[in-house]
Amino acid sequence: MRQIAIFASGSGSNFQALVDAVQAGTLKANIKLLVCDQPGAFVIHRAQSAGIPTFVFRAKDYENKEAFEGEIKHQLEAAGVDFIVLAGYMRLIGHTLLESYGGRIVNIHPSLLPSFPGKDAIGQALEAGVKITGVTVHYVDAGMDTGEIIAQDIVRVTTGETRESLQDKIQHVEHHLYPTTLNHLFLTTGY
Ligand code: GAR
């Protein structure tokens, strides 16, 4: 069974979908730790409600990325984590974590990569006027949303679409795609 940590910065609806899938037995993994870089984030309450330990930090309390990732690495090792799942973690992963967990870090991104990487992928898609966008699950490397693609699903952009309505549709797809893809990955790759 995979021992995973989930990294998140915000509301944590994807975190919740993963917790629910583990509880339902459709995602065969143990969620050992939530790592969160925003002390006020709602995802922390979700973890507490689910009885999942948290490591919450402020980047500005550390000298640099190497310093806070060193502390994260220590926390991951103490919790026995062997796989990292990014779910709305709004920071690039640095070399400290990539050296230890390279090939064992995945992310979910709200577009069909390689289109619309980086911040505000939903706004970028609306601005570009595309009629189809979607969701990508991918491995994490040193780039911004550049790692190997594992799975994708499409979302249609309809007439009169707003940022809120498109985000709702994308998140609905994410909450199904992420647990399903992770479970398949864990079963087929021996992670
Ligand atoms: C998700 O839609 C995720 O795809 C996106 O942040 C949202 C977090 O929502 N991630 C990125 O944009 C990463 N570049 P959540 O906190 O409700 O799971």
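Where a number appears in this text, it was derived from the coordinates with a stated rule and is not lab data. Just so it is clear, the model here is predicted, and its values are computed rather than measured. Here the Cβ is made from the backbone with ideal geometry for all residues, glycine too, and neighbour counts use every protein chain on show.
Brief remarks follow.
- Overall, the stretch 16-134 carries a charge dipole of about 300 debye about its Cα centre when +1 sits on the Cβ of Lys and Arg and -1 on the Cβ of Asp and Glu, all other atoms neutral.
- Between helix 13-24 and the chain: long-axis angle, C-alpha atoms, 0 to 90°, nearest 10: 70
- Sites residue 100 and residue 127, calculated FRET efficiency, Cβ-Cβ separation with R0 41 Å, nearest 0.05: 0.65
- Under 5 Å, built H, 5+ apart or other chain: amide partners of residue 2: 30
- Separation of the residue 115 and residue 78 label points, Cα + 7 Å toward Cβ, nm: 4.4
- The stretch 38-108: radius of gyration and largest Cα-Cα distance (Dmax), Å: 12.3, 32
- Each helix, a run of at least 4 DSSP H residues, gives -39500 (n - 2.57); summed and divided by the residues of the chain, these come to -13000 deg cm²/dmol at 222 nm.
- Relative to the Cα centre, the charge distribution of the stretch 135-191, modelled as +1 at Lys and Arg Cβ and -1 at Asp and Glu Cβ, gives a dipole magnitude of about 140 debye.
- Diffusion coefficient of the stretch 1-48 by Stokes-Einstein, Kirkwood radius over Cα pairs, 20 °C, 1.002 mPa s: 198 µm²/s.
- Cα gyration tensor shape of the stretch 116-189, rounded if a/c is under 1.5, else prolate or oblate by comparing a/b with b/c: oblate
- Förster radius 22 Å - calculated FRET efficiency between residue 45 and residue 167, Cβ distance, rounded to 0.05: 0.60
- Convex hull volume per residue for the stretch 42-191, taking Cα atoms only, in Å³: 131
- Calculated FRET value between residue 20 and residue 65, using beta carbons and R₀ = 30 Å, to 0.05: 0.40
- The stretch 83-138: translational diffusion in µm²/s, Stokes-Einstein, Kirkwood Rh over Cα pairs, 25 °C, 0.890 mPa s: 198
- Local net charge near residue 95, Cβ-Cβ under 14 Å (Lys/Arg +1, Asp/Glu -1): -1
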